[in-house]
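The structure appears right after this line, and notes come after that.
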Amino acid sequence: MLREEKNVNRMSLEGPTLILAEYLSKLSFDILQEEVIKKAKYLLLDYIGYTISSYKEDAAEIIISVISKIGGKPESTVLGYGMKTSCLLSAFANGAMAHMTELDDTHTPTMSHPGDAIISAALALGEREGVGGKELLTAIVVGYEAALRIGEAVMPTHYWRGFHPSGTINTFGAAAAAGRVLNLTPNQMASALGLAGLQASGYFYFVDEGIRMPKDFNVGRAALSGVLASLLAHERFQGGTTVLESEHGFCRLFADPFSININRITENLGKEFKILEVSHKPYSACRHMHAAIDALLNIIREHKISPSEIEEVVASIFSTGARFVDDPEPWLPERGPYGPRFSTQFNLAIAIIEGEEGIRRLFDREYARTKLNDTYVREFMKKIKVVPNPELDKEFPRMWSSIVEVKTRKGVYSHRVDYPRGEPRNPMSYEELLTKFRVLTSKTLRKDVIEEIINMINNLEKVKDIREFIDLLTKSS
């Protein structure tokens, strides 16, 4: 049964959809804590870097080709390419691109990458409307609040059913962010959430086929759907007021009844901000393997192990994660450029052979392709095994843990990581985020422009029209 079952079917103003909608529509920049504003700026900086890093990715080129053929009113910018198109298509392109290089932000409890769709929607509509920096930052915070609260209400069985949260719950987040840009009233925001729920989609069938492009489509579509929902709600298109709690609404249909917790949607509204729970990625790889990478690097550093000493490596990963990142043959044609990013065997081999500097360079397609075709790397991968660990499942999804065991001629070494680098409990420093941003944008933007962007984000609340900020992102495109 749903928790608080007696409240679920009440058609009243006290329902969680309307309570959340009212909160989201009235949240203002002036009441945001300094740490919340700072986090929103960090996430925006990170988002711009990893989205631009997808410039010329295979999937990005296809999307740009299609958008060019469709055309559209030039009102919002596609990052990296500098082209302008409709706010819907811009949100779609940027949302999909943000997810491509596996460097995007992550929210562990909901197993989602919220910034991809949320920030894409806020930027696309914010540029069209010419909102200020305060409004953009507020919209971003609002989007994270919506997506992550709704996501926590249906986890973990939403994920176990095969849904892709970055495509489903992010649709709500994108709608909320876009709705805040448009200053929707509480009832309009509720309608936007309702229309977002009608479009919420995305599932993991493609994992069984070993292909990855559909995952990017899911996220791009979430951004587009959220913008569309808010635009329609702004014009008084009705989306209802009970999409979250209704008997035929999102929570009941998208999760197993025993796991639904409607209270999570409105719990501590205004007292805690979900955006503070979001992590940053140091490596261009599926987040499910990051704990294993960190554990291995720790062992190598602590025991000063060289590649020639290693006889076997066993990466023990929570079962859900192991399913996604156990790939001993990432070079297969159907894997495309995604292969290296979803192979624990490949990433651990690079960590051993090339060290931490090498593992951080894998975002570079040419470097990754060269290493993928390296005979020594392929042979070394045969020494690495990935095994699902049911014991680690007990703390999932609260923790995405891994235990790595390295067998050498000198002995056997083991290390466990519960919170990989970048998690709020094991954060990347601001300097690390800046280094990541500079590296990811170095091939697309001039050095002086990169520093201007950093400075403007640091002072974004002073920007009166974010089109001034967007213009910086196109200077070297």
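The values are calculated or read from the model by the stated rules, or taken from the named source; none is laboratory data. All values reported here derive from a predicted model rather than from experimental measurement. Every residue, glycine as well, gets a Cβ built from its backbone with ideal geometry; the counts of neighbours run over all protein chains shown.
Below are the figures for this structure:
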{"item": "Breaking point among (1) surrounded by 21 or more Cβ atoms within 10 Å (Cβ to Cβ); (2) hydrophobic (A, V, I, L, M, F, W, C); (3) at pLDDT below 95, for M11", "result": "(1)"}
{"item": "Matching residues in region 425-438 - criterion: being touching an Asp or Glu at 6+ places or on another chain (Cβ under 9 Å) and surrounded by fewer than 17 Cβ atoms within 10 Å (Cβ to Cβ)", "result": "R425, N426, R438"}
{"item": "Residue match in region 234-248 (condition: assigned to a helix (DSSP H, G or I) and either among the aromatic types (F, W, Y) or more than 13 Å from I150 (Cα to Cα) (or both))", "result": "yes"}
{"item": "Qualifying residue in region 98-110 (condition: out of contact with any Asp or Glu (no Cβ under 8 Å at 6 or more places or on another chain) and part of a helix (DSSP H, G or I))", "result": "no"}
{"item": "Close pairs from region 132-146: first over 11 Å from L27 (Cβ atoms) and in the same structural domain as A21 (by TED's automatic domain parsing), partner part of a helix (DSSP H, G or I) and among the acidic types (D, E), Cβ under 6 Å, at least 6 apart", "result": "G133/E461; K134/E461"}
{"item": "A59 vs. criteria surrounded by 22 or more Cβ atoms within 10 Å (Cβ to Cβ), in contact with a Pro (Cβ under 9 Å, 6 or more places away or on another chain) and in contact (Cβ under 8 Å) with a residue 60 or more places away in the chain", "result": "yes"}
{"item": "Residue that is touching a Leu at 6+ places or on another chain (Cβ under 8 Å) and without any contact (Cβ under 8 Å) to a residue 40 or more places away in the chain, where the choices are K436, K475", "result": "K475"}
{"item": "Of all residues making up region 366-388, the number that are assigned to a loop (DSSP other than H, G, I, E, B) and either surrounded by 19 or more Cβ atoms within 10 Å (Cβ to Cβ) or touching an Asp or Glu at 6+ places or on another chain (Cβ under 7 Å) (or both)", "result": "1"}
{"item": "Residue match in region 151-163 (condition: under 21 Å from K271 (Cα atoms) and touching a Lys or Arg at 6+ places or on another chain (Cβ under 6 Å))", "result": "yes"}
{"item": "Pair list, Cβ under 8 Å, 6 or more apart: region 240-253 residue assigned by TED's automatic domain parsing to the domain that holds G197, other residue surrounded by fewer than 20 Cβ atoms within 10 Å (Cβ to Cβ) and in a helix (DSSP H, G or I)", "result": "T241/N187; V243/L198; E245/N7; S246/R252"}
{"item": "Odd one out for M111 among (1) on the phi < 0 side of the Ramachandran plot; (2) hydrophobic (A, V, I, L, M, F, W, C); (3) buried (at least 20 other Cβ atoms within 10 Å of the Cβ)", "result": "(1)"}
{"item": "Those residues of region 191-213 which are in contact (Cβ under 8 Å) with a residue 12 or more places away in the chain, closer than 26 Å to Y338 by Cα and not polar (S, T, N, Q), in sequence order", "result": "A200, G202, Y203, F204, Y205, V207, E209, G210, I211, R212, M213"}
{"item": "Any hit, region 422-432, residues being outside any loop (DSSP other than H, G, I, E, B) and either within 22 Å of D327 (Cβ to Cβ) or in the same structural domain as Y47 (by TED's automatic domain parsing) (or both)", "result": "no"}
{"item": "Every pair of residues 6+ apart whose Cβ atoms lie under 6 Å, when the first sits in region 159-185 and is closer than 12 Å to D116 by Cβ and in a loop (DSSP other than H, G, I, E, B) while the second is aromatic (F, W, Y) and modelled with pLDDT under 95", "result": "H164/Y203; H164/F204"}
{"item": "Any hit, region 279-302, residues being part of a helix (DSSP H, G or I) and closer than 30 Å to L244 by Cα", "result": "yes"}
